[in-house]
Each structure stands twice: as C-alpha cells, then as structure tokens.
Amino acid sequence: MQVLVTSTIVAVGVLASVSAYLALRRLISAGAWRPSLAMVFSLWLCLYLVEYALFGPASFIAWDGEGNLAIAMDHYLAALHDGGRYTHSIGGGQDMYTWFVGMQYLHPELLLFHLLPTWLVILLHKAMVGTLGFFGSYLLAKKLAPASTMLAVAVAMLYPVSHDYLLTYSTEFGAGFAAIPLVVYLCVGRSRARTYWPQVFAGAVILSTAEPMKIFPAFLVAYVGVALLLPGVSLRRAGGAFLVCVVAAVLNWHEVLYALVITAPHLQRALGGEVVQAASVPNAIAETLRMSYNSWIASGLLVLAFGSLLRQRSPMVGRAGIAAAWALVSMTVAHAFPWELIGLPFLNRLSHQMYMVLALGTLMTPVAALAFDEPRPDRRGRWRPSLVIAAVALGVLAARTSHNLITLTHMGGQSLYTGIDALAKPDWPVDRTYRTATFAEMPPPNIVAGYYGFDIFDGQLNLNPTRWSDYWLAVVRGNRKHIVTTRLGWNWELWDGKSYDAERDIRFDLLAIANVRYLFSPLPLSSPSLKLLHAAPRERWGRVRPEFFDGLGAFLRYRLKRISDPGDVYVYELANALPRFFAASGLVSAAPDMAVPAYYDLVAATAPRLAAVVSQDDLHRLGQPHPLTVSGFAKVRDGFDITVEAPDGGVVVVNASHTPFWRAYADGRPLPVVPANGVHMAVAVPPGAALLTLRYERPLLREVIGVKMRRGN
C-alpha cells in the first residue's frame, strides 16, 4: 500500500511538471499568454492553499508536528489558559515558556485565534507563508536579473514549496522561514536605498514573529551568502540591519529565551536520560550532506545553476561557490561545535542542520538568477530554464497536494479538533481533578487539552522536563525506541483483531500514580485494570486499517466519511488513580545508587499506599508524616491553594513533577518542597496549618530586571 501511494504521488508530480512545461512553452512561444504578476501569484496561491480550504472546517492539516503542536497550543492560549507562566493542563503541568511557541509578545496567529475559527486561522497563516515566500524570492531574483521577470516568477513559485517547513510544518515557525528571502532582500539587497531603515524595521518586525533559535541560524547563513553574491552591498548598513533584526527578535522573545536558559539544566529532548554532546566532525559532515540531499529542490537548483555558471565561465562563479561553501561549512560547524565550552550545552540538543539547510532555499534564488538570466525572452520554443523551474514548482505543488489529500483521507482533517462528541460533550461520569492519556494520537493529546479542555499527563513538547521524561520512559517499560515520546502511541503488533493488549507496552500502574484516571482510545483495549465508560460504535472507529474491510473501496469510502466526522473514541477508567493531592501515609528512602528499574518498581509498590519515595537527604527535610486531611484544593494561576487540616503537621504529596522553581508556603512561611515518587512533590506541612500555598515561581526576565533596578535605586 505504501509503495502504491508513494508511486502515485511521484507520478502526479512528474505528470504535472511535464504538462505544465509543455503548456507554458506553447502559450508563451505563441505569444498567446502574457499574464501579469498579480494574476500568476493569485493562481499559484489558490493552488498552494487548496487543501486548506477545500473542506472548510474539515480541511487538511498535517498531524505530525503542526496540527498537534502549535495550533493546539495557540487555541489553548486563546481559549483556555489563565495567562500564567505555568499550565496545569498539559503534560502533567509544564512551564508555558519552554514550549518555544505561544508566549512571545507579537504573535499574529494567536491574535487570529481570538477572532476566527481554527480553519480560517490556518488558511490565513498558510496564505501569509505563501505570500511572503513568493514575493521575497521574486524581489531577490529581480535584484540580480532585473530584466528576467519570468525567471523571477518561476523561482518565486519554487521557494515556498522547497521544504516541508514551508509547507506542512509552518505553523510552528510563524512567518519564519518564509520571510527569510524578503528580509534578506530588504536588509542586504536594498542597502543603498534612501528609504532603507523603515524597510529594515518592517522586515525585522516580520522576522521577529518566528522562533529565533530555529530561524536565525538559517537567516544568518542566507544573509551572509546573499551579501557575498550581490554587488555593491553596504556592509556597514547590512551589519547594522542584522543587529536590528536580532534586537527585534530579542524584544519579542526575551522571556522565552530567558526561560530556556535558566530551565535548560532541567530539560531534555530525548525520552529518558540523554547524553548531550557535540557530534564528531565526520558525523557532522555526513549529517550536513544528508540534510542537503533531503532538501533536494534547493540543492538541485544550486548545483544546476553553479554548473551553468561554470559552463558560461561567469565571473560570478567564484562568489557562488563561496556562498554555497559558506552554507555547508556553517551547518557542519554548528553541529560539531562543543557548545558546552561556552556555557551553552543545551544548544547541543538542537538539530542545527534541520533548520540551517533552509538557507539553501534562499541562496538558490540569486544563484539561479545569475545563471539563468533571460533578458531577451526567446519565443522560438527552445528549452528555457525559467519554464523548467516553474514547471518543477507546479509539479512539486501537485505532488504535495496529492500527498496531503491522501493523508486527509487516511488520517482525517481538522474536524478532529471539535468533532469527537465523547470528549466535547461527555456522556460518561468525569471528574476533572484527574488527568487523561490518549492512545494512537486519536486525537493527539495536545488537542485533548487545547480543544476539549481535559488535563492531560501525556503531550508533545519541544523540550521535556527531565523528571517527566524519565517517568515516561518507565511508563513505556524502558523502551527508548517507543513509537512516540511522552505519549502512549500504538503498536499494531499488540492488536489481535478484537482488542489491543496495551499493558504489554504501557505500565498502567505508573499512569495511575500520575493521577491518570481516564484513557482514550480509538479501538477497544483489553486489561483487567480498566473499566469501560464509553464505547465507540464500530461504524465510527477513528483508526482503522484496510484489512478491517471487504476490499480497498470499502476502506476508502469509510475514510472519506471520517473527513467531516472524525469518529468516536473508547473511554476507560483506570483503577486506583491517585488524587492530585494526598496526605503521605509514610516515607520511604531510596538509596542514591538504586538502579532506575528498581526505583520505579519501588514507586509502583509504595505510592498506591499513599506513601512517598524520597531521597535519604530529603527524608530528613520532611520530618514525620503525621496524619492530616486534604479537604480541598483550587487550581490558581501559577500554582495551587490547598486546604488542609493538620493539627500535628505532616507531609502533603503533590501530583506534579518537581522542578527547583516550586515554592510552598503556610501563613507566609516557606516550606520544604522535594521530589518524590519520580513524578510527585512532597511538601512538609507545619502543625496547625490550614492553607497550603504552592506556587511556580520561575522568574520572568522583566521581574529580574525590576528587582535589580529597585535595588540599584
């Protein structure tokens, strides 16, 4: 099936490219069609957006890294979040600023979410990406080949389809990579213009909406590369303009950047503990070449254009070679550099080439303009580079659209955001003080929180708090190759045709300890630990395979129905889920050299008895766990207010992962807060306390600056 789908997509792309080339060649050679730039752009943009508009609120969205991340987060921020730096709802409780997206000041998509339904926000975002990418590339090409309008249009059509991050991952990056050619043109290509600085400020504001840690490496590489290619650049002005872009990004993202810096020791990307170190030089070179190969559109056009410059013996061939070499060397150095030597070890976690390779897309534009300049259009019908580039752009777009429509049929579309009635309007008994987790990404857990309003223990983040990630490694039974990190996933090998044997893959006892009481699944689960609360009718199962049906046609008809109706889910209650807060019945000391599997086995045996496993040092800080009563709690901005009856004091266990930024108070007096049970916190409660105040006090940069200014005065 996969081979058939891939072959179909490739065939669509090739057929579209050949057909487009022949049609354009005939029309232009005959002089029968002289479209304006506005007409070409409008037609191209309609093709670029078709799958995002075709079915309205049920239109396509890529679920891997886009529909389940930035969109869910932005909707959560617009509709459900209380405005604090901490969320109770996602991943068992997380710092909002370490998501990367959402908490910057200028965020156009978030503004749109306050005004429009999701599908229109996505459509407008994609239109913005297409428009910025098209006109930025067009202007950059015209700068080097001012008489070759057709070539500039062709390259402009190609850039926005040259990489997945400009297509099916763009919502995570805002204007992002699409804006790089335009901003480079304004800052480098216009460096001698009289109205230079207003244009620079406008470009800097546009670029500032994108994640700087992902965008700026590619932006820097493209910036220098284009400066090498363009004659007469004012280096003083261009250098100043780059600083303006940096300042604009810092002003917009400084709180996120500061949060990442001070929380970096407590974050990681991998599932479970990871080794963070720079790559060796050979591995970095191999990774650079692999990424360049994967970005075959930009790399291919660069190679062809460079070859053409060599054939022409162009005096610009040296500059083109230096610009391309600069990009490849920069990618390699960024990956191999030991960032820990300058106090930035968290940069070793970033996949530098994944983002820097997009600089090749910007560089391909001026190099192609130099190589394929056509100042006098030829109407004799011979081979023309501009027509080939335009045809390739249309072919790639056709292949991508067919891929997206096939994915829409197979996985469903945006109706998944609001269309699951069992979650939107539960007909089963639900206690919102407990968390949920979801199998098979149906729907992705971020959507369960961001749209349906449940508190989830799973979730997809850019960076994971270490304790939460380590606990998830134990939940998935130590399997570092688990299909998805910090989520339940789905392994079809555990499906027997009637039900899914989830406990072979997932430790339900550890989920219950983490306050997970409800499990959502598109298909039935089998486990004595589960109680069925809501069953999905077979005719509305949300995840199916072709072998479930009598023939491929029946499968396709079923999946077409799921475009507008995402289907239903099974809802299960997990036995013995621990509450969000409870009084510790006892304390158990864990030896510092205890093996990780043994530690979590101890937690699994101890925590259900409402005891807390803590380190030997923390055992003395907590004191005796006298009997007390947790009579209630309230989730408040950046923390909790917990009502207790503790005549003799005691220990309260909090079902949230520990970080050093948690503070606890009783009557204004600070209390010890220590990690417990791998996924909990334990708080020492003094005798007679009635109200326990727990706050997440990771400082904001503006708070730090304010304190220093007050001290200075």
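Annotations
- Residue match in the stretch 455-467 (condition: open to solvent by 20 Å² or more (accessible area, probe 1.4 Å), in a helix (DSSP H, G or I) and of a type outside the set (A, V, I, L, M, F, W, C)): yes
To keep it simple, each residue is scored yes or no on (1) within 30 Å of the chain's Cα centre (by Cα); (2) open to solvent by less than 10 Å² (accessible area, probe 1.4 Å); (3) closer than 28 Å to M594 by Cβ.
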position	(1), (2), (3)
V652	no, yes, yes
A656	yes, yes, yes
F661	yes, no, yes
G668	no, no, no
R698	yes, yes, no
E703	yes, no, no
G706	no, no, no
M709	no, no, no
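- Complete set of residues in the stretch 171-201 that are part of a helix (DSSP H, G or I) and closer than 21 Å to H254 by Cβ: E172, G176, A179, V183, V200, F201
- Unique residue being of a type in the set (A, V, I, L, M, F, W, C), open to solvent by 10 Å² or more (accessible area, probe 1.4 Å) and either at pLDDT 95 or above or in a helix (DSSP H, G or I) (or both) when the list is A612, A605: A605
- Unique match (being hydrophobic (A, V, I, L, M, F, W, C), within 17 Å of Y196 (Cβ to Cβ) and under 23 Å from the mean Cα position of the chain (by Cα)) among A238, A248, A218: A248
- A152 meets all of the listed conditions (1) open to solvent by 10 Å² or more (accessible area, probe 1.4 Å); (2) at pLDDT 90 or above; (3) not basic (K, R) but one, namely (1).
- Options Y165, Y138, Y159; residue that is open to solvent by less than 10 Å² (accessible area, probe 1.4 Å), part of a helix (DSSP H, G or I), among the aromatic types (F, W, Y) and within 17 Å of L363 (Cβ to Cβ): Y159
- Selection status of S170, buried (at least 23 other Cβ atoms within 10 Å of the Cβ), closer than 18 Å to L363 by Cβ, of a type in the set (G, A, S) and modelled with pLDDT under 95: no
- Residues that are small (G, A, S), open to solvent by less than 40 Å² (accessible area, probe 1.4 Å) and more than 19 Å from A611 (Cβ to Cβ), drawn from the stretch 558-577: G567
- When residues of the stretch 181-196 are limited to those that are in contact (Cβ under 8 Å) with a residue 12 or more places away in the chain and open to solvent by 10 Å² or more (accessible area, probe 1.4 Å), the one nearest to A325 (Cα to Cα): Y185
One line per residue, one yes/no per condition, for (1) among the polar types (S, T, N, Q); (2) at pLDDT below 85:
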position	(1), (2)
V261	no, no
L271	no, yes
A279	no, yes
P282	no, no
T288	yes, no
L301	no, no
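- Residues satisfying the stated conditions in the stretch 224-256, i.e. touching a residue at least 60 places away in the same chain (Cβ under 8 Å) and assigned to a helix (DSSP H, G or I): V224, G225, V226, L228, L229, C245, L251, N252, W253, H254, E255, V256
- Within the stretch 616-638, not a single residue is in a strand (DSSP E or B) and crowded, with 22+ Cβ neighbours inside 10 Å.
- Counted residues, the stretch 528-555 - those being in contact (Cβ under 8 Å) with a residue 40 or more places away in the chain and touching a Phe, Trp or Tyr at 6+ places or on another chain (Cβ under 9 Å): 10
- Test: L473 is more than 19 Å from W541 (Cα to Cα), of a type outside the set (D, E) and either assigned to a helix (DSSP H, G or I) or under 23 Å from the mean Cα position of the chain (by Cα) (or both): yes
- Odd one out for G497 among (1) without any contact (Cβ under 8 Å) to a residue 12 or more places away in the chain; (2) in contact with an Asp or Glu (Cβ under 6 Å, 6 or more places away or on another chain): (2)
- Considering (1) at pLDDT 90 or above; (2) closer than 26 Å to G678 by Cα; (3) assigned to a loop (DSSP other than H, G, I, E, B), the lone condition that I483 does not fulfil carries the number (1).
- Residue selected from the stretch 682-694 under the condition farther than 16 Å from Q624 by Cβ and surrounded by fewer than 23 Cβ atoms within 10 Å (Cβ to Cβ), by the criterion nearest to the chain's Cα centre (by Cα): T693
- Taken residue by residue, the stretch 481-488 has at least one member that is open to solvent by 20 Å² or more (accessible area, probe 1.4 Å) and without any contact (Cβ under 8 Å) to a residue 24 or more places away in the chain.
- The stretch 543-557: number of residues that are in contact with a helix residue (DSSP H, G or I) (Cβ under 8 Å, 6 or more places away or on another chain) and either among the polar types (S, T, N, Q) or crowded, with 18+ Cβ neighbours inside 10 Å (or both): 1
- Scanning the stretch 578-602 for residues that are open to solvent by 20 Å² or more (accessible area, probe 1.4 Å), in contact with a helix residue (DSSP H, G or I) (Cβ under 8 Å, 6 or more places away or on another chain) and not in a helix (DSSP H, G or I) gives S585, L587, V588, S589, A591, P592, M594.
- Just one of the numbered conditions (1) at positive phi; (2) in contact (Cβ under 8 Å) with a residue 60 or more places away in the chain is not true of G688: (2).
- One residue stands out in the stretch 303-355 among those that are buried (at least 16 other Cβ atoms within 10 Å of the Cβ) and in a loop (DSSP other than H, G, I, E, B): the one that is modelled with the lowest pLDDT, namely L350.
- Residues of the stretch 437-454 that are more than 10 Å from S89 (Cα to Cα), open to solvent by 10 Å² or more (accessible area, probe 1.4 Å), in contact (Cβ under 8 Å) with a residue 60 or more places away in the chain and not charged (D, E, K, R): A440, Y451.
- Residue match in the stretch 431-438 (condition: basic (K, R) and not in a strand (DSSP E or B)): yes
- Output for the stretch 400-427, where each listed residue is part of a helix (DSSP H, G or I), within 18 Å of P117 (Cβ to Cβ) and open to solvent by 20 Å² or more (accessible area, probe 1.4 Å): A424
The values are calculated or read from the model by the stated rules, or taken from the named source; none is laboratory data. Every value quoted in this text rests on a predicted model; they were computed, and no experiment measured them. Every residue, glycine as well, gets a Cβ built from its backbone with ideal geometry; the counts of neighbours run over all protein chains shown. Note: accessible area is taken over every heavy atom of the protein model, side chains too, but ligands, DNA and RNA are not part of it. Shrake-Rupley method; radii C 1.70, N 1.55, O 1.52, S 1.80 Å.
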